[in-house]
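Scroll down for the structure; my scribbles are underneath it.
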Amino acid sequence: MSSVRTQVGIIGAGPAGLLLGHLLHLQGIESIILEDRSRAYVERRVRAGVLEAGAAELLRESGVGARMDREGMFHRGIYLQFAGARHHIDFVDLTGHGITIYGQQEVVKDLIAARLAWGGPLLFESEATAVREIEGDHPVICYRQGDEEGVIACDVVAACDGSHGIGRTVLAATSPRIYEREYTFGWLGILARTPPASEELIYAYHETGFALHSMRTPEISRLYLQVPADEDLKNWPERRIWAELRLRLGEPGLPSGEILDIGITPMRSLVAEPMQCGRLFVLGDAAHVVPPTGAKGMNLALADARDLAAALATWYRSGDRTALDAYSDACLRRVWQAEHFSAFMTNLLHLDAAHDPFQHRLRLAHLAYLTRSRAAAGSLAENYTSAATGLRAVGSLD
Ligand code: FAS
Ligand code: PHB
């Protein structure tokens, strides 16, 4: 049994864990990151695609944004497609902020490369199996790497291990309040080698269901279709996927292409309160999950990492625990705003299970209102870009 010591033990090498480790390093604070999967797996996993301006700026300011600036795509806004027409919502005109399209796996690659470049401890294929003594001053993480068992003694444990990790389990033992909503539908997502049909994202509401046209590069499209939550991929041969995308997106000429990745993502909302207990701090999907309609998941994870890194830097520098004790409250204000917006966008753009005609007309009415009212469009833009509540509005490293 190997036993090592560090200041911050981090579980999970997703956006939250990797950025936390990076920001702590910039403050001279040691950490060890445990990641259950291989490097190849986490760098290949296709997930989110949208970075808010604050998140992009944070990556840039902390020295890991160079490739994002070269390869990321800046978008002024999004399109809403409904009732056979397409309408642009110009975020820059409405809020002064746009968004950057840059795949989550690219963010993960950049953060892993930065950590390995300075020799930061990052243990792949190492599963955290237990977290103990979180109520004391010396918590420990037990982990398994192959046949080896190990223990990491630390001052603080940061559970960044996603919605199925051990962090949520350990937190659950402290009787947090769990707020949860399951949706009756999910997203069938494909990554396809075909040029995007539009220069910006298209969110489409159609009487057969929701569709989203996103992208990763000028040659690679990322496309989603609303499907029943328990849908079987076998019911979706490629021909049917492309036909339904053309119909719902209003893009009869959408070219098909080689499908590079395909999967069905369930839709749910969840918040665990509080996001901390003693020396355990929980970040990202381990603490909160949002339906991806608002493009918030990765941005929330990065924002939690920024808040916790700033609070730990103050605590290590001066012993002042104020920000550390307020970590959960500070994050939850942002999280609940994002939960509300994600639920709003999900309910606005997806068919309900009953295909209720009254709800359908309410959706069309609100979509039409968004295209007529600068105030309504401004509220959507402010929430989508987090212009009022995002990274820039919380915490600071210095
Ligand atoms: P992550 O889940 O990214 O990372 C947690 C890491 O911890 C993983 O690498 C996992 O292997 C590791 N881990 C788990 N248990 C462990 C243990 N016991 N020991 C060690 N390591 C452990 N968001 C969007 O905004 N748009 C999208 O389109 C979108 N699509 C998604 C598709 C899927 C299939 C999923 C699951 C999520 C999607 N999300 C999307 C949300 C997603 O982007 C998350 O919000 C984001 O990954 C959260 O980042 P982290 O909190 O770092 O957690
Ligand atoms: C994506 O590009 O994967 C994406 C974009 C916007 C969303 C969800 C996913 O709301």
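Taken together, the values in this text are just the output of simple stated rules run on the coordinates, not laboratory data. Quick caveat: nothing in here was measured; it's all calculated off a predicted structure. Don't worry about glycine lacking a Cβ; one is built from the backbone with ideal geometry, like all the others, and counts go over all protein chains shown.
In region 185-223, which residue that is of a type in the set (S, T, N, Q) and surrounded by 14 or more Cβ atoms within 10 Å (Cβ to Cβ) is farthest from ligand 2 (Cβ to nearest atom)?
Here the residue is 194.
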Check your understanding: With respect to residue 140, is the statement that it is within 20 Å of residue 279 (Cα to Cα) and surrounded by 15 or more Cβ atoms within 10 Å (Cβ to Cβ) true?
Key -> yes
Review point. Is region 7-16 home to any residue that is within 16 Å of ligand 2 (Cβ to nearest atom), in contact (Cβ under 8 Å) with a residue 40 or more places away in the chain, crowded, with 24+ Cβ neighbours inside 10 Å and within 19 Å of the chain's Cα centre (by Cα)?
Key: yes
Study note, to complete from the structure: Residue hits (region 267-294; away from ligand 1 (no atom under 11 Å from the Cβ) and outside any loop (DSSP other than H, G, I, E, B)) are 269, 270, 271, 272, 273, 276, 277, 280, 281
Point to revise | Filter result for the condition that a residue is without any contact (Cβ under 8 Å) to a residue 60 or more places away in the chain and among the basic types (Lys, Arg), over 70, 76, 115 | key: 70
Review point. Can you name the condition, by its number, that residue 158 falls short on among (1) near ligand 1 (Cβ under 9 Å from one of its atoms); (2) closer than 19 Å to residue 304 by Cα; (3) surrounded by 22 or more Cβ atoms within 10 Å (Cβ to Cβ)?
Key: (1)
Exercise for review: Considering each residue of region 103-122, count those that are over 22 Å from residue 249 (Cα atoms) and not in a helix (DSSP H, G or I), and give that number.
Suggested key: 5
Check your understanding: So is residue 353 farther than 24 Å from residue 96 by Cα, more than 14 Å from ligand 1 (Cβ to nearest atom), touching a residue at least 60 places away in the same chain (Cβ under 8 Å) and not in a helix (DSSP H, G or I) or not?
Key -> yes
Study note, to complete from the structure: Flagged in region 31-46 as surrounded by fewer than 17 Cβ atoms within 10 Å (Cβ to Cβ) and either under 21 Å from residue 222 (Cα atoms) or away from ligand 1 (no atom under 14 Å from the Cβ) (or both), in numbering order, are 40, 41, 43, 44, 45
Point to revise | Filter result for residue 194 (among the hydroxyl-bearing types (Ser, Thr, Tyr) and within 23 Å of residue 101 (Cα to Cα)) | key: yes
Point to revise | Any hit, region 70-84, residues being more than 16 Å from ligand 2 (Cβ to nearest atom) and in contact with a Gly (Cβ under 8 Å, 6 or more places away or on another chain) | key: yes
Exercise for review: Give 329, 356 a once-over and let me know the one that is more than 19 Å from the chain's Cα centre (by Cα), farther than 30 Å from residue 86 by Cα and surrounded by fewer than 18 Cβ atoms within 10 Å (Cβ to Cβ).
Suggested key: 329
Check your understanding: Within region 89-111, is even one residue of a type outside the set (Asp, Glu), surrounded by fewer than 19 Cβ atoms within 10 Å (Cβ to Cβ) and free of Cβ contacts under 8 Å to residues at least 12 places away in the same chain?
Key -> no
Practice item. Could you grab me the full set of residues in region 223-249 that are touching a Leu at 6+ places or on another chain (Cβ under 9 Å) and in a loop (DSSP other than H, G, I, E, B)? Key: 231, 236
Revision key, fill the gap. Note on residue 169: of the conditions (1) free of Cβ contacts under 8 Å to residues at least 12 places away in the same chain; (2) in a loop (DSSP other than H, G, I, E, B), unmet is (2)
Practice item. Determine whether region 224-238 contains at least one residue that is at positive phi and surrounded by 18 or more Cβ atoms within 10 Å (Cβ to Cβ). Key: no
Review point. Residues in region 229-244: is at least one within 15 Å of ligand 2 (Cβ to nearest atom), in contact (Cβ under 8 Å) with a residue 24 or more places away in the chain and either within 26 Å of residue 79 (Cα to Cα) or touching a Ser or Thr at 6+ places or on another chain (Cβ under 7 Å) (or both)?
Key: no
